[in-house]
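One structure below.
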Amino acid sequence: MLEKNEITITVNDEEVKCFEGETYYEAITRHGVEIPTLCHEKELKPDGACRVCVIEVERQKTLVSSCNTPVKKGAIVHTESERVKQARIVVIELLLASHRPDCVICEKTGACKVQQLATKYVPETEIKKYRGTRPRINLHENNEFFELNYSACVRCGLCVRAANEIQVCGVLTMTHRGFDTYPSPDFGKTFEEAGCVACGNCVAICPSGALVAHDYKTSSNLSVLDKITSICSYCGVGCQFDMLINRRINKIEYISSNRNNVVNGLALCVKGRYGWDFVHHTDRLNFPLIKKDGIFTESSWEETFDLIEQKFTQIKNESGSNSLAFLTSAKCTNEENYLMQKLARAGFGTNNIDHCARLCHASTVTGLAKAFGSGAMTNSISDLTTQSEVIFIIGSNTTEAHPVIGSKIKHAVAQGISKLIVADPRQIELAEYSEIFLQHRPGSDVALINAMLKVIVDEGLVDEKFIEEKTEGYKEFKETLDKISLELQCKIANVSVENVKEAAILYAQATSASIVYSMGITQHSTGTDNVLSLANLAMITGNIGRPGTGVNPLRGQNNVQGACDVGGLPDVYPGYQKVSNARIKTKFEKAWNVKSLDSKPGLTIVEMMHAANKGKVRGMYIMGENPALSDPNLNHVRESLEKIDFLVVQDIFMTETAKYADVVLPGKSFAEKNGTFTNTERRVQRVRKAVRHVGNRKDDWEILQIMLNRFGIDTDYQSPSDIMNEIAEVSPIYGGINYNRIKNIGLQWPCKDKKHPGTKILHQETFSRGKGKFHTISYIDPAELPDEEYPLILTTGRILYHFHTGEMSRRSKGLHKRRPIERSQINSVDANRLNIEDGDKIFIESRRGKIETVARVTDKIQEGVVFMSFHYKESAANLLTNDALDPLAKIPEFKVCAIKVGKV
Amino acid sequence: MASNNNTSNNNTSTPMIRQILICEGKNCLSSKSDEIHKNFGIEVVRAGIQEDLDISLTSCQGLCEHGPLVFVKPEGTLYCKVKPEDVKKIVRSHFVQEKPVKELFYEDPKTGERIEKYTDIEFFKKQKTILNILADSVSQKTAELINSLDGLIASENVCIVDLTANYLLSFILNESCGKCVPCRDGSLVALGLVQKIRNGEAELEDLDDLEQICLTMKDASLCEVGQNGAEPVLYALKQFRVDFEEHIRTLSCRSNVCTKLYTYTINQDLCIKCGICKRVCPAGAIIGSRETGFKINCDRCTYCQMCFRRCPKGAIYKSRGKC
Ligand code: SF4
Ligand code: SF4
Ligand code: SF4
Ligand code: SF4
Ligand code: SF4
Ligand code: SF4
Ligand code: FES
């Protein structure tokens, strides 16, 4: 980076200090002088199109636009001279000339930037109302989420720039020239046909009433709305946004971009921006329910708690603490998760606590803890997407599962910052942006990575110094690696040797190379091996501990990182402190004021279900989880839930799981509560209460506190903030975190004390465990491979428009309309052989179950493989999946199972 | 391929999109230019070439007696007297086989020769030179050019208001890229104001607005196209302000060029009541009979000059003032 030289300019007769390279706009507004803008947006490259921001610079022939002109030393600038004012007025009037004249009935009235400019800068005496003609545009876009009314468009080009620079969707361009120019998708296609993923980023940026969202259209006047900043409750990116609330009717009216955050900026994805309406859905649970003779009946909290107390006490007395099991929730806040595990451990004396992290990143936690000493994303979203020379993406369909990170990666590629290597069994969107695309066979990740490691060693691209200084176990690792054959590994992975070589060399030669992965790596019976292999790859090239490097698991749920952090796992207390460590145990006994905690790790999710099936787990408390749809081999799970003597489910909807419950407790959604979520980059962020709850719901933390009190743990938390203070006390990685410090942009753990600024990049000086450890990994087949009877492989995952078991997203109107049913992807060759056409009803059958779905015939998936999402309960993919487990992480193999397919 | 890759490829590798411009002046409209427009839409889709073509309507380009006119850009072919049923032939032959349809070319009234390109037709040639002079008068600023412009203006059948309007129209069609507001919207609003003057609907304040807009265009446009583009108008306003003012004040055009400011009138003393004018008038603007004599209803007149040219007695003249 260039040294920033300080220079001086004169603005309206005052001296202003500024830096070489910045624009007049930046310098002058920082100094406190206002300059109006229309087409300027912090996150976009300046364009200079609207000319609203013109200023007079002495000795320049014409006025200059301040937003895109760099300052010049000694320049004498006027921002309010007659010349500037006149030009500004004319420009603003001209903007309105080709704009429809009906501001009074426009939805954007009040918030429209053009209108605001006119009111503020055009004196009434100067109002001209020039008569222009509007270009004749016979287009109209009106989709599930927003519409484009050309009559209100001032053709500022912002939407096009947002589409190209933020979302990188390539949907919009300015078509035609001269006066006829207007933003539009190619050749009169609809937005969706042109590839629009409805992120609404172009809508958010539109200054006029041209691009408006439907929820915005029906919203009340801005003056009666309150703005509450909170965090998206869908995925682990943890985007910040503003909820616009109408207090009078107690409703969220729409969600708008929040420009002052560091995670996502103004970008959001379709779920975050338009998928919030489940909060007000009529299906929400409003009262505690007790199942009486098979029918749920509304009852009072008192009665419900009495029943729970009686039943759980009875089970505990009859069969011991470990006959109870607890599922905490990656959707709930850190505070709630903390209380849940405290309830299990302190209240009942069992470590049988787990949550769906088991199903997504258990192998990450195990694997990275073994290799590095800490099982979280090593780097941050910001350095990953701005400073990586090469990004190796394996087993992550980033643009659908972590959309905002996906677009940031696309942006990095489009800007020429990063080159991509993509390895995935499916030809995912990012493959189109990649330098090298490796379409390997599902489950062959270890073989592929070993092949890359082999190339790196053979080509002498190993970072000897890094290995020598910072790691251990390299010798043994290399000995085994020397013995394997590159050709064989490539054959297993079904990729060409040349491609693997090219990829390995590209990765190893980069000055900063990062690895991004997700459930394509973890959800295997060899998940931990996969993760360890990636750790090997990063260490052998010294790509760890610096900006733009690292091993970066993208966490799935909004707070799956946090739920793990605060102890929602059977083997660790909050802060990943081992339950088996006697010193730690004593510390928690003291902190929680209990006599004795269990020192044996508890059961994991799938083990709980097995134990329940055998009658060993008799009572279960499930908060905000839906194992009856999310867990593998559903028939078995449902059978187990059936067998449980007393099941308590706390949720916001009557989920598939809740139907099996004896007692259902109505919880609150993210919009109704205070707390914190920790996103994938370890950033603890504030969730804020936006609307009052309706019905007889209770705060989840309050429910848990009552439970704690009833089971003998004396607590007196007044608010979630108190709970966070306790978390900070007992877990060193959260040591310095409290609500005051995370008001705006949050803090990234480890954050040891109140002075600690948080940690952007892990393992900078040394690894968390001291030295990084190489592990010798050999390829093992997936647990179930195709055979004659079940000739195809099924792999599962997410799609953009829905989330997890669909309880929230499928109750969102727009999202549901866009993707109402499951469309399972099958390769055209397979489809042809099976006589299946696109749109046909098909069945898919595995050894564990059979479901019906609709085929999407495509070549984006390789031959022999079928892809299903697991969002739809009518076509529940997990009836088919295999519950074979990774021996260490106990994560099930969602990503590979053998199936047969046919037409219905 | 990513869709944005696609677009960028398109920008560089595919040839420029062709334009079909259909004249929709009043006169051409009466000759079914609407239907022609519609047929083009249908035929290009049938031929599967809709993506490479842009079909739009254009305002009157003159030469109405040969209408409806269809221009093809960028090659510059002009089809005259196009009938809706000719469209299919034009699409198949011109755009699919790349063979322009000769029988629809302009027929030179003197030589009878068929001329393909409108730039080769006298009428447009003349228009073009005047425009060029006006534009060049600014960029080159040679005394000689200004003199020749002054000469032109002084001559009988050129009007500075009309010239300015034509200049702005051509600027909008051919120069402005449409990115920045002063140039894109400014030129259009300026044209609107000049047209107001030309049509006798303007007030004196409009001249100040016009000047203000052009000054802003010059001072605040993003690039030189817009900055220089305003100069000819500013020049015209400075040098010939009286002419502009005269149009506004007296609602007349000294050179009888601004069509809304004069009417075709029949000098009943010269008229022999032959009725030719009524027969040739495409707009049905002439009423009367051989018994009662003829009168021109200026509300319906499109100023096509047909009657004016064909009257055997030269009885039709331009009378100053609004209709
Ligand atoms: S749609 Fe909105 S953002 Fe896009 S050009 Fe029009 S006014 Fe600007
Ligand atoms: S909504 Fe998003 S994906 Fe669609 S055009 Fe706008 S920026 Fe692109
Ligand atoms: S990327 Fe994830 S966190 Fe961000 S808006 Fe979308 S679903 Fe929400
Ligand atoms: S001044 Fe330049 S950039 Fe602006 S519209 Fe005209 S040609 Fe385009
Ligand atoms: S009256 Fe004469 S000039 Fe007017 S439309 Fe008829 S023929 Fe043409
Ligand atoms: S053509 Fe001339 S002479 Fe004949 S009727 Fe018309 S005006 Fe009279
Ligand atoms: S804000 Fe500077 S030109 Fe638009």
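The values are calculated or read from the model by the stated rules, or taken from the named source; none is laboratory data. Note that the structure is predicted; figures quoted are calculated from it, not measured. Note: ideal-geometry Cβ built from the backbone for every residue, glycine included; neighbour counts use all protein chains shown. For accessibility, only protein heavy atoms count, side chains too; no ligands or nucleic acids. Shrake-Rupley method; radii C 1.70, N 1.55, O 1.52, S 1.80 Å.
Overview of values
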| quantity | calculated |
| --- | --- |
| Spin-label proximity, A:Gln314 to region A:608-622 - amide N less than 13 Å from point 7 Å beyond Cα toward beta carbon | A:619 |
| C-alpha center-to-center spacing [region B:31-56, region A:536-597] in angstrom | 66 Å |
| 5 angstrom amide H check on A:Gly236, placed H, neighbours 5+ away | A:Gln557, A:Asn558 |
| Simple spin-label estimate for A:Leu222 and A:Asn12 in nanometres, 7 Å along Cα-Cβ | 2.2 nm |
| Interchain or long-range residues, amide H under 5 Å from A:Gly21's placed H | A:Val71 |
| Whole-Å distance, taken between Cα centres, linking region B:289-316 and region B:67-106 | 31 Å |
| Shape call, region A:141-211: gyration tensor on alpha carbons, a/c limit 1.5 | rounded |
| Placed amide H near A:Phe767: partners under 5 Å, 5+ positions off or other chain | A:Gly772 |
| Hz values of 3J(HN,Hα) by residue in region A:552-557 - Karplus curve (6.51, -1.76, 1.60), Gly and Pro given as x | 10, x, 8, 7, x, 7 |
| Solvent exposure of the protein assembly as shown as accessible area per residue, Å², 1.4 Å probe | 40 Å² |
| Karplus-derived 3J(HN,Hα), 6.51/-1.76/1.60, for each residue of region A:756-768, Hz, glycine and proline x | 5, x, x, 10, 7, 10, 7, 6, 6, 7, 10, 6, 4 |
| Extreme residue, positive dipole direction of region A:792-903, given options A:Asn827, A:Met808, A:Thr795 (C-beta unit charges) | A:Met808 |
| Euclidean distance between Cα centres, region B:204-231 to region A:12-77, Å | 22 Å |
| Candidate lysines - alpha carbon under 26 Å from A:Lys752, same-chain residues fewer than 8 apart omitted | A:Lys331, A:Lys342, A:Lys370, A:Lys470, A:Lys578, A:Lys585, A:Lys587, A:Lys590, A:Lys743, A:Lys760, A:Lys771, A:Lys773 |
| Cβ crowding within 10 Å averaged over residues, with A:285-291, A:866-872 ranked highest first | A:866-872, A:285-291 |
| Theoretical ellipticity at 222 nm over the protein assembly as shown - DSSP helices of four or more residues, -39500 (n - 2.57) apiece, nearest 500 | -9500 deg cm²/dmol |
| Efficiency of FRET from Cβ geometry, A:Gln764 and A:Ile484, R₀ 45 Å, rounded to 0.05 | 0.90 |
| Cα gyration tensor shape for region A:798-904, rounded if a/c is under 1.5, else prolate or oblate | oblate |
| All aspartates and glutamates inside 17 Å of A:Lys72 as judged from Cα atoms, apart from same-chain residues fewer than 8 positions distant | A:Glu3, A:Glu6, A:Asp13, A:Glu14, A:Glu15, A:Glu20, A:Glu22, A:Glu26, A:Glu56, A:Glu58 |
| Rounded FRET efficiency, nearest 0.05, which uses the C-beta distance separating A:Asn260 from B:Asp120 and R0 of 41 Å | 0.10 |
| Estimated vicinal HN-Hα couplings, Hz - region B:310-323 in sequence order (Karplus 6.51, -1.76, 1.60; Gly, Pro = x) | 8, 4, x, 10, x, 7, 9, 9, 8, 10, 5, x, 6, 5 |
| With every protein chain in place, region A:792-903: carbon and sulfur % of accessible area (1.4 Å) | 49 percent |
| DSSP-defined antiparallel bridges as percent of all bridges, the protein assembly as shown, nearest 5 | 60 percent |
| Summed buried accessible surface, chains A and B, 1.4 Å probe, nearest 100 Å² | 3100 Å² |
| Options A:Val404, A:Val462, A:Ser388, ranked by Cα towards positive dipole end of region A:383-503, top entry (Cβ charges) | A:Val404 |
| 12 Å Cα-Cα reach of B:Lys88 towards aspartates and glutamates, excluding residues that sit fewer than 8 places from it in its own chain | B:Glu43 |
